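In what follows, a structure is listed as structure tokens, so that the remarks can point back to it.
The values are calculated or read from the model by the stated rules, or taken from the named source; none is laboratory data. These numbers come from a predicted model, not from an experiment. Backbone-built Cβ (ideal geometry, glycine too); neighbour counts: all protein chains shown. Each accessible area value is taken on the protein alone, full model and side chains, heavy atoms only, with ligands, DNA and RNA left out. Shrake-Rupley method; radii C 1.70, N 1.55, O 1.52, S 1.80 Å.
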Amino acid sequence: MRFSSNVKPYVLLLIVGIFLLLGYVYFSFFSERLNRDILIDEDQKRTNLSQLVFKSRVRNLVSPEKLLYKQPSVLVGRTDVVSVTPWLAPIVWEGTYDPVLIDNIYKPMKLTIATTVFAVGKYVRFLQDFLETAEKHFMVGFNVHYYVFTDRPDDVPSVNLTQGRHLSVIQVPVSNRWQEISARRMEIIQTTIERQIRREADYIFCLDVDSKFHARWGSESLGRLVAVIHPGYYEQTRDHFPYERRPASTAYIPMDEGDYYYGGAMFGGFVEDVYTLTKVCRKRFEEDAGNSIEAAWQEESHLNRYLLYNKPSKVLSPEYLWQDFKAQTKEVKVIRFSGVIKNYAEVRPNV
């Protein structure tokens, strides 16, 4: 647009002012329309503000001043085992961390650790040893909340818990097949996280009841998503892993894929991350069930599929999940947690 040289300066200023005013009105109108048209439906709003609000949060690793501990080295350490994954997650072995340092970093955070355990049917007999040994070795000095799922609430033993540690008993239905108990585990953990754990805990560990603690299991195990290497397969190559190999299953893993074989007796991490894991695995269980498929090792198969494509941020060595019938190997310096010897035909309802 060209203006005559006879146009007065104040007229030009007036014209510019009108254009600016029109632009402001235009922007304000359409901005309001845009914001009004992009609405979150009420169900989604409730989900975001209620169901998916978690206590877990990322914190800085602050070491107290004047804390004395052994100087770390980049040249001296464990050489008989691998202590880091290809995606740079630590693999926790004895001798790869300083317990004094790591406890002094995490304990001042005043964390609460949720611990779920299923004591269904005759498996309730293992609960007392589990709890008593946990009180001696598991997350000592932390707030711990045990969530015991059982169909026999009257048989839950009375165990003396130290200060800051609590136990909740949650009744679940009786099942005639141990596979159903295994399959429903993800669903029950997911719904319990939704209803209460997400507001009560920072981290969660989901453990098998037919197990005992033998030595320290502490803050070195904390991470966003934590898995444990199965003691029966850590010396094997992936083609020997008992993954689900049928393509029809949602737990399917091809023969040329796989990192480690993770044990289903332990998984954990931030409550939010474990919630996502259980929700996805539950959905895949239900999809398989709709197609009359049951994965080879139930929730363990779905867990391995999930962790293959959603890498854990920390991996625990077989020290954290040994088997009592298995002889201790030279690289396993300490057995911290192990599955007890049992007669499956006697304790499982359909074996």
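Return the sequence-ordered ³J(HN,Hα) values of segment 101-118 in whole Hz as given by the Karplus equation 6.51 cos²θ - 1.76 cosθ + 1.60 applied to θ = phi - 60°, using x for Gly and Pro.
5, 5, 5, 6, 7, 8, 5, x, 6, 6, 6, 10, 10, 7, 9, 9, 8, 9
Could you size up the charge dipole of segment 186-310 around its Cα centre, putting +1 on the beta carbon of Lys and Arg and -1 on that of Asp and Glu, and report it in debye to the nearest 20?
Details: 14 positive and 21 negative charges, 53 e Å.
So the dipole magnitude of segment 186-310 works out to roughly 260 debye.
Quick one: order Val169, Val334, Val274 from most to least accessible surface, probe 1.4 Å. Show your work: numbers first, answer last.
Working: Val169 70, Val334 35, Val274 0 Å².
Sorted by accessible area, descending: Val169, Val334, Val274.
Can you give the accessible area of Glu286 in Å² (nearest 10), computed on protein heavy atoms with a 1.4 Å probe?
Roll a 1.4 Å probe over it and Glu286 shows about 100 Å².
Between segment 70-86 and segment 123-162, how far is it from one alpha carbon centroid to the other, in angstrom?
Using only Cα atoms to place each centre, the spacing works out to 34 Å.
Step through the residues of segment 161-169 one at a time and calculate ³J(HN,Hα) from phi using the Karplus curve (6.51 cos²θ - 1.76 cosθ + 1.60, θ = phi - 60°), rounding each to whole Hz and writing x for Gly and Pro.
The phi angles translate into 9, 6, 4, x, 10, 9, 9, 10, 9 Hz.
If the chain between Val53 and Tyr69 were fully stretched, how many nm would it gain, using 0.36 nm times the residue separation less the Cα-Cα distance? Mind showing how you got there, number by number?
Numbers: separation 16, 0.36 × 16 = 5.76 nm, distance 3.73 nm.
Value of the extension gain: 2.0 nm.
How large is the dipole of segment 91-346 about the Cα centre if only Lys and Arg carry +1 and Asp and Glu carry -1, each at its Cβ, rounded to the nearest 20 debye?
Values: 31 positive and 35 negative charges, 71 e Å.
It works out to roughly 340 debye.
Return the sequence-ordered ³J(HN,Hα) values of segment 130-140 in whole Hz as given by the Karplus equation 6.51 cos²θ - 1.76 cosθ + 1.60 applied to θ = phi - 60°, using x for Gly and Pro.
3J(HN,Hα) across segment 130-140, in whole Hz: 4, 5, 5, 6, 5, 5, 8, 10, 8, 6, 5.
Carbon and sulfur: what percent of segment 91-346's accessible surface (1.4 Å probe)? Mind dumping the intermediate values first?
Working: 5100 of 10610 Å².
Using a 1.4 Å probe with all protein chains present, segment 91-346 comes out at 48 percent carbon and sulfur.
Counting only heavy atoms of the protein chains, get the accessible area per residue of segment 98-243 (1.4 Å probe) and round it to a whole Å² value.
Values: 6030 Å² over 146 residues.
Result: 41 Å² per residue.
Where the centre of each part is set by its Cα atoms, how far does segment 201-228 sit from segment 264-305, in angstrom?
Computed from Cα coordinates, the inter-centre distance equals 18 Å.
Lysines within cross-link reach of Lys326: Cα-Cα under 26 Å, excluding same-chain residues under 8 positions apart?
Lys122, Lys136, Lys212, Lys314, Lys342
Kirkwood hydrodynamic radius, computed over distinct alpha-carbon pairs, for segment 91-346: how many Å, to one decimal? Numbers along the way, then the final one.
Values: mean 1/r = 0.0537 Å⁻¹.
Hydrodynamic radius (Kirkwood, Cα only) of segment 91-346 equals 18.6 Å.
Which distance in nm do the two modelled labels at Val169 and Arg78 give, with both placed 7 Å along the Cα-to-Cβ direction?
Reported label-point gap for Val169 and Arg78 is 3.9 nm.
Within segment 91-346, what percent of beta bridges assigned by DSSP are antiparallel, to the nearest 5? Present the calculation step by step, with values, prior to reporting the outcome.
On the way: 12 of 41 bridges.
Bridges in segment 91-346 are about 30 percent antiparallel.
Counting other Cβ atoms within 10 Å, which trypsin sites (Lys or Arg not before Pro) in segment 225-305 have at most 15 and lie in a DSSP loop?
Values: sites: Arg238, Arg245, Lys279, Arg282, Lys283, Arg284, Arg305; in loops: Arg245.
Passing both the DSSP loop test and the Cβ count: Arg245.
Could you list the GluC sites (Glu not before Pro) in segment 203-277 that lie in coil according to DSSP, counting only those with at most 14 other Cβ atoms within 10 Å of their Cβ? Intermediate values should be presented prior to the final figure.
Working: sites: Glu220, Glu235, Glu244, Glu257, Glu272; in loops: Glu235, Glu257.
Of the GluC sites (Glu not before Pro), the ones in loops of segment 203-277 whose Cβ has at most 14 other Cβ atoms within 10 Å are Glu235, Glu257.
Any idea which of Phe130, Ile113, Val148 is furthest toward the positive side of the dipole for segment 59-187, if Lys and Arg beta-carbons carry +1 and Asp and Glu beta-carbons -1?
About the Cα centre, the residue reaching furthest to the positive side is Ile113.
Could you pull out every residue, at least 5 positions away or on a different chain, whose amide H is within less than 5 Å of the one on Val228? Hs are placed 1.01 Å off N in the peptide plane, and Pro or chain starts have none.
Here the answer is Gly263, Leu316, since their amide H atoms fall under 5 Å of that of Val228.
Provide the gained length on full extension for the span Asp324 to Asp239, in nm with one decimal, where the gain is 0.36 nm per separating residue minus the Cα-Cα distance. Don't skip to the answer; put the middle values down first.
Details: separation 85, 0.36 × 85 = 30.60 nm, distance 2.54 nm.
Result for the pair: 28.1 nm of gain on full extension.
Take Thr96, Thr133 and sort them by solvent-accessible surface of the protein heavy atoms, 1.4 Å probe, largest at the top. The partial results should precede the final answer.
Details: Thr96 60, Thr133 20 Å².
So the residues, ranked largest to smallest area, are Thr96, Thr133.
Sticking with the crude label model, points 7 Å out along Cα→Cβ, report the distance from Asp155 to Arg199 in nm, one decimal please.
The modelled label-to-label distance comes out at 3.2 nm.
Note down the nm distance, to one decimal, between modelled labels 7 Å out along Cα→Cβ at Ala289 and at Thr85.
2.8
Top to bottom by accessible area (1.4 Å), largest first, where do Leu307, Leu167 land? Each step should come with its number before you reach the end.
Numbers: Leu307 0, Leu167 55 Å².
So, going from the largest accessible area down, we get Leu167, Leu307.
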